[in-house]
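Worksheet for the structure shown next.
The values are calculated or read from the model by the stated rules, or taken from the named source; none is laboratory data. Owing to the predicted nature of the structure, the values given are computational and were not obtained by experimental measurement. Reconstructed Cβ throughout: ideal geometry from the backbone, glycine too, with neighbour counts over all protein chains shown. Note: areas computed on protein heavy atoms with side chains; ligands, DNA, RNA excluded. Shrake-Rupley method; radii C 1.70, N 1.55, O 1.52, S 1.80 Å.
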Amino acid sequence: MAKFVVLDHPLIQHKMTIIRNKEIGTKVFREMVNEIAMLMAYEVTRDMPLEDVEVETPITTTIKKKLAGKKLAVVPILRAGLGMVDGIVNMIPAARIGHIGMYRDEETLEPVEYFVKLPEDIDQREVLIVDPMLATGGSANMAIDALKKRGAKFIKLVVLVSAPEGVKAVQAAHPDVDIYTAALDEGLNENGYIVPGLGDAGDRLFGTK
Ligand code: URA
């Protein structure tokens, strides 16, 4: 079974509490999501492989480490995933960015795929799928399917808030995918929202409600 990691660093917990507050406006919400994503990038990339390189300092020549091997792609699930991209790319500026467009049918609550655009060499990259909310797991599973279908082999799912239902669904369908979340909440309500959650992440990020 792949990893399931709750990234409960105090700074992350503090910023998560800020964005859960319904009184917080779009500007602060966006800034906090960006900062949380940046902090998460630090932990999500902890197992990135390193290689030895020779470096000449002003004093001597020495062998030190640099990042090796697989390159990264960040793939937000549109639209709310976009809010997490800048924070991660600030930490990993060479990462490529793909996009997966998916919306939730309001009646069935099922995800519907409408757009996929990925870096050509996606099969050689470690992929970070980003989406603030892991609710039923429907969109995450569809996004992972879409990526695997196009050759992606190394996939991590990075979310802010997850519901146990969503975690179970992803683990059942994709036991090879590591899940990193900033918080594990109680569950889903009858409308498919995470409780206590933070509401509709897309609407709160883009000020559409
Ligand atoms: N999507 C959201 O934006 N919020 C939820 O609580 C669940 C799914």
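Hey, what's the stretch 4-206 come to in accessible area per residue, 1.4 Å probe, Å²?
On a per-residue basis, the stretch 4-206 sits at 51 Å².
Just subtract the alpha-carbon distance of ASP52 and ASP8 from 0.36 nm times their residue separation and send over the number in nm, one decimal. List each step's numbers first, then the result.
On the way: separation 44, 0.36 × 44 = 15.84 nm, distance 3.17 nm.
That works out to 12.7 nm of additional length.
Using a 1.4 Å probe on the protein heavy atoms only, what accessible surface does ARG125 show? Give it in Å² to the nearest 10.
10
How high is the relative contact order of the chain, in percent, counting Cα pairs under 8 Å that sit 6 or more residues apart?
23
Too long at a 27 Å Cα-Cα cut-off: which of LYS27/LYS153; LYS15/LYS156; LYS66/LYS156; LYS65/LYS156; LYS70/LYS149? Spell out each step's value before the answer.
Values: LYS27/LYS153 36 Å; LYS15/LYS156 22 Å; LYS66/LYS156 22 Å; LYS65/LYS156 24 Å; LYS70/LYS149 19 Å.
Result: LYS27/LYS153 exceed 27 Å.
For a quick check: with amide H placed at 1.01 Å from N, whose amide H comes under 5 Å from GLY187's, ignoring anything fewer than 5 positions away on the same chain?
VAL195
Within the set of other residues whose C-beta is less than 12 Å from the C-beta of GLY187, count the net charge using Lys and Arg as +1 and Asp and Glu as -1.
Net of charged neighbours comes to -3.
At each listed q (0.11, 0.14 Å⁻¹), what is the log10 of I(q)/I(0) that the Debye formula gives for the stretch 4-206 modelled as equal alpha-carbon point scatterers?
Normalising to I(0) and taking log10 leaves -0.50, -0.78.
Which value in deg cm²/dmol, rounded to the nearest 500, describes the helix-derived mean residue ellipticity at 222 nm for the chain, given -39,500 (n - 2.57) per DSSP H run of n ≥ 4 and division by the residue count? Walk me through the numbers on the way to the answer.
Working: 6 runs with 65 residues, N = 209.
Helices in the chain give a 222 nm mean residue ellipticity of -9500 deg cm²/dmol.
Taking the DSSP beta bridges in the chain as the whole, what percent of them are antiparallel, to the nearest 5?
Antiparallel bridges make up about 35 percent of those DSSP assigns within the chain.
Rounded to the nearest 10 Å², what accessible area does MET16 have for a 1.4 Å probe in the complete protein model?
So the heavy atoms of MET16 present about 10 Å² to solvent.
For TYR193 and ASP176 in one chain, what is 0.36 nm times their gap in residues minus the Cα-Cα distance, to one decimal in nm?
Taking 0.36 nm per residue and subtracting the Cα distance, the gain is 3.5 nm.
By how many nm would the segment from ASP203 to ALA94 lengthen if fully extended, with 0.36 nm per residue of separation less the alpha-carbon distance?
Gain on stretching ASP203 to ALA94: 36.3 nm.
So, counting K/R as plus one and D/E as minus one, what does the shell of residues with Cβ under 10 Å around ALA95 add up to?
+2
Taking amide H atoms as placed 1.01 Å from N in the peptide plane, list the residues 5 or more away in sequence, or in a different chain, whose amide H sits under 5 Å from that of TYR103.
Counting only residues 5 or more places away or on other chains, the set is VAL112, TYR114.
How much of the accessible area of the stretch 4-206, probe 1.4 Å, is carbon plus sulfur, in whole percent?
After summing per-atom areas, the C and S share lands at 53 percent.
Compute, for THR181, the solvent-accessible surface of its heavy atoms (probe 1.4 Å) with the complete set of protein chains present, and express it in square angstrom to the nearest 10.
Near enough 0 Å² of accessible area.
Kindly point out which whole DSSP H helices in the chain project their C-alpha atoms 24 angstrom or further along the helix axis while averaging a Kyte-Doolittle hydropathy of -0.5 or above. Don't jump to the answer; show the numbers that get you there.
Numbers: long enough: 26-44 (26 Å, 0.45).
Those that clear 24 Å and a mean of -0.5 are 26-44.
Starting from the amide H of GLY137, placed 1.01 Å from N in the peptide plane, find each other amide H under 5 Å away whose residue is 5 or more places distant or on another chain.
Excluding prolines and chain starts, which carry no amide H, there are no hits.
Return the loop-located GluC sites (Glu not before Pro) in the stretch 113-209 (DSSP other than H, G, I, E, B) with at most 12 other Cβ atoms within 10 Å of their own Cβ; answer none if there are none.
GLU120, GLU186, GLU190
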